[in-house]
2 protein chains.
Amino acid sequence: MKLTVTEAIGLAVRALTRHGMSEPHARLVAEHLVDAALCGHEFSSLPRVPTIIEELRRKPPAGDVRVVRESATSALIDGGDNIAYVVSIAAIDKAIEICKKSGVAIVGVNNTWFSGRLSYYVERAARQGYVAMHTTNTTARVAPFGGIDRVMGTNPFAIAFPSEDDPLVIDIGTATTTWGHVLLSKAKGEALHPGVAIDSGGRPTVDPDAAVAGAFLPWGGHRGSGLSLAVQLLGILAGSAVVVEDVRNWGLFFLVFDPGLLMPGDEFRSRVSEMRKVINTTRPAPGTVKVRAPGDGSVQHRKHAAAAGVIQLDDRVYARILELSA
Amino acid sequence: MKLTVTEAIGLAVRALTRHGMSEPHARLVAEHLVDAALCGHEFSSLPRVPTIIEELRRKPPAGDVRVVRESATSALIDGGDNIAYVVSIAAIDKAIEICKKSGVAIVGVNNTWFSGRLSYYVERAARQGYVAMHTTNTTARVAPFGGIDRVMGTNPFAIAFPSEDDPLVIDIGTATTTWGHVLLSKAKGEALHPGVAIDSGGRPTVDPDAAVAGAFLPWGGHRGSGLSLAVQLLGILAGSAVVVEDVRNWGLFFLVFDPGLLMPGDEFRSRVSEMRKVINTTRPAPGTVKVRAPGDGSVQHRKHAAAAGVIQLDDRVYARILELSA
């Protein structure tokens, strides 16, 4: 089915507030989820609402989001066990505020969970002319390269650069699969792709339950595993546990800086656009029509979807969210 | 053959100064190269001397390394077309100096070339208690994912964290091969590994000459290619060309910050050590004896080699460097 953007936001807000989330927080989450739909990332969109509500039901009411430590170049935020969709907006806005005075900001966040698409937050800063890097460690699901115990999260890494047009956003996970994909496979009764998970004895598995009891594999061999470890350590610095055993207290790290520290901002934006064009005009390999820069697909999907003003939603997901709103 | 550390440094210094490099600069380069040998990275060690000299012969005399732009949180350095082995030491030390006052520093460097092991610079900062991230874009050799034209460098990325023992250093390239490895294969008349390069028509090749005329492939599919692009854009911000066509004017980016901004430094170092231990005590996968954290191999190799006080050097490389010193 199709929903207008306004209808979709309203739907998510009603379901989330029905389960104890404040209206302003529910609106931030809903806007993020609907943006994911506009960008064509169906799984990161409204289908997340039931999963978020399941987590809300399990938890005591959230506290306040508080800046607990601050300097001229940094802030540490206690997320009050609020969902990271909300806390990360506070964090990136705090980073931008610091950056306006000092040119660069480091912000750490702990006591939070479920972060959505990291690109959403870094893009927010890049639209205001900043370079923004953001990492999140998550519940331990991933074995390090060469090992079979789950000790790291799926640990995404994102960085955004302002350009003359839409920001250029690079947003990558450091595991071969995601928690969301494994959950979805389980719900649909489908097997995982081979090579993405091992069972608790370290044997390759395509069974979602066995993968959850065992571990997901890191992406990209020892290099991807190293990147995942870097994200883990930045999360630890932000105050997460060394190994995160449950869905809480993830460690979020934000770096935002003004490119004007090194080069006039308009000149940098022009060069980012130029580099994007270099990528797009590279001769394509056999089987590729046009070479895309990271995020090109999302940006184009959003332009079309936003012009139409509607998003697609699976009928069953719609019914489930309605049910949760009752 | 075996050389003591002092002999090896002397050998490199004599050859480099013979070709116009100042004695203090030659010493910095030599210390870096000998450290690579101690860490067991033979190719990054004294075999680089003839390649560096070849480049020195091609270039006009280098100018001064100058800070051309500075703020309370940043610096931009013109490398004066000096080798990056030298300029990066000035850059990381400048970053540390800024960091001592402001807690965080962004430093960009341009007008430089050949950077050595990035881990060398970030480790220097981490030994003083800082977290340091460093990227370098290099001469265009790598095609973006889905494309066949070389537009990005081999673009390494490194990050180091202080611990209670040696810093934990993650240092990864973002191409499937390195310029050095391709050069070495060519010199030895050996084929490249399959899957690392394409010729100028975009066809897979194992011929080093065809790979140099064509392109190396990015590591890790679209994700690794995205990371390479991020390094490219940080290099551009530091003042490199958008596409770097020759061996000069690479763009180096440094971020150094005090973990004390977010957490007491000794507490963070203790947690980094704890995370390293978690990795090391993870149950190994079949075929792995012990799970290593990134850099473990280098650190252990260096401990043994430094205790013995000697490095290994290929006889032919030794003869060639002696010849270049004459």
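List of remarks:
- Taking the numbered list (1) open to solvent by 30 Å² or more (accessible area, probe 1.4 Å); (2) of a type outside the set (D, E); (3) more than 30 Å from A:K59 (Cα to Cα) in turn, A:T282 passes all entries but (1).
- Residues of the range B:238-252 satisfying the condition of being within 10 Å of chain A (Cβ to nearest Cβ) and farther than 13 Å from A:V131 by Cβ: B:G239, B:S240, B:A241, B:V242, B:V243, B:G251
- Top-ranked residue in the range B:228-237 [being of a type outside the set (A, V, I, L, M, F, W, C) and more than 9 Å from chain A (Cβ to nearest Cβ); ranked as surrounded by the most Cβ atoms within 10 Å (Cβ to Cβ)]: B:S228
- Scan of the range B:7-46 for residues that are buried (at least 20 other Cβ atoms within 10 Å of the Cβ) and charged (D, E, K, R), ordered by number: B:D35
- Selection within the range B:91-122: residues that are out of contact with any helix residue (DSSP H, G or I) (no Cβ under 9 Å at 6 or more places or on another chain) and open to solvent by 10 Å² or more (accessible area, probe 1.4 Å). The member of this set that is nearest to B:L33 (Cα to Cα) is B:K94.
- Among the residues of the range A:174-201, those that are touching a Pro at 6+ places or on another chain (Cβ under 7 Å), open to solvent by less than 30 Å² (accessible area, probe 1.4 Å) and either part of a loop (DSSP other than H, G, I, E, B) or under 17 Å from A:V247 (Cβ atoms) (or both) comprise A:T174, A:A175, A:V182, A:L192.
- Residue count, the range A:264-279 (criterion: more than 29 Å from B:V68 (Cα to Cα) and either in contact with a Leu (Cβ under 6 Å, 6 or more places away or on another chain) or open to solvent by 80 Å² or more (accessible area, probe 1.4 Å) (or both)): 1
- Residue match in the range B:142-152 (condition: within 20 Å of B:M263 (Cβ to Cβ) and in a strand (DSSP E or B)): no
- Residues in the range A:202-237 that are assigned to a loop (DSSP other than H, G, I, E, B) and touching a residue at least 40 places away in the same chain (Cβ under 8 Å): A:G202, A:G214, A:L217, A:W219, A:G220.
- Within the range A:47-84, tally of residues that are exposed (fewer than 14 other Cβ atoms within 10 Å of the Cβ) and of a type in the set (D, E): 2
- Any chance B:L217 is within 11 Å of chain A (Cβ to nearest Cβ), of a type in the set (A, V, I, L, M) and within 25 Å of B:A160 (Cα to Cα): no
- Any hit, the range B:238-258, residues being part of a helix (DSSP H, G or I) and crowded, with 17+ Cβ neighbours inside 10 Å: no
- Residue in the range B:299-319 that is without any contact (Cβ under 8 Å) to a residue 12 or more places away in the chain, under 30 Å from A:V109 (Cα atoms) and out of contact with any Gly (no Cβ under 6 Å at 6 or more places or on another chain) present: no
- Qualifying residues in the range A:57-74 (those that are in contact with a strand residue (DSSP E or B) (Cβ under 8 Å, 6 or more places away or on another chain) and more than 14 Å from chain B (Cβ to nearest Cβ)) - the one nearest to A:E323 (Cα to Cα): A:K59
- For the range A:257-296, a residue qualifies if it is more than 8 Å from chain B (Cβ to nearest Cβ) and within 30 Å of A:A143 (Cα to Cα), and exactly one does: A:G295.
- Test: residue in the range B:139-152 that is surrounded by 24 or more Cβ atoms within 10 Å (Cβ to Cβ) and within 19 Å of B:V87 (Cα to Cα): no
- Qualifying position, being of a type in the set (S, T, Y), in the same structural domain as B:G103 (by TED's automatic domain parsing) and closer than 25 Å to A:A143 by Cβ, among B:S225, B:S200: B:S225
- Odd one out for B:T205, checked against (1) modelled with pLDDT under 95; (2) over 17 Å from the mean Cα position of the chain (by Cα): (1)
- When A:A132, A:A140, A:A191, A:A125 are screened for being modelled with pLDDT of 95 or more and more than 20 Å from A:L252 (Cβ to Cβ), only A:A191 passes.
The values are calculated or read from the model by the stated rules, or taken from the named source; none is laboratory data. The structure displayed is predicted, hence computed values, not measured ones. Here Cβ is always computed from backbone atoms with ideal geometry, including for glycine, and neighbour counts include all displayed protein chains. With ligands, DNA and RNA removed, areas are computed over all heavy atoms of the protein, side chains included. Shrake-Rupley method; radii C 1.70, N 1.55, O 1.52, S 1.80 Å.
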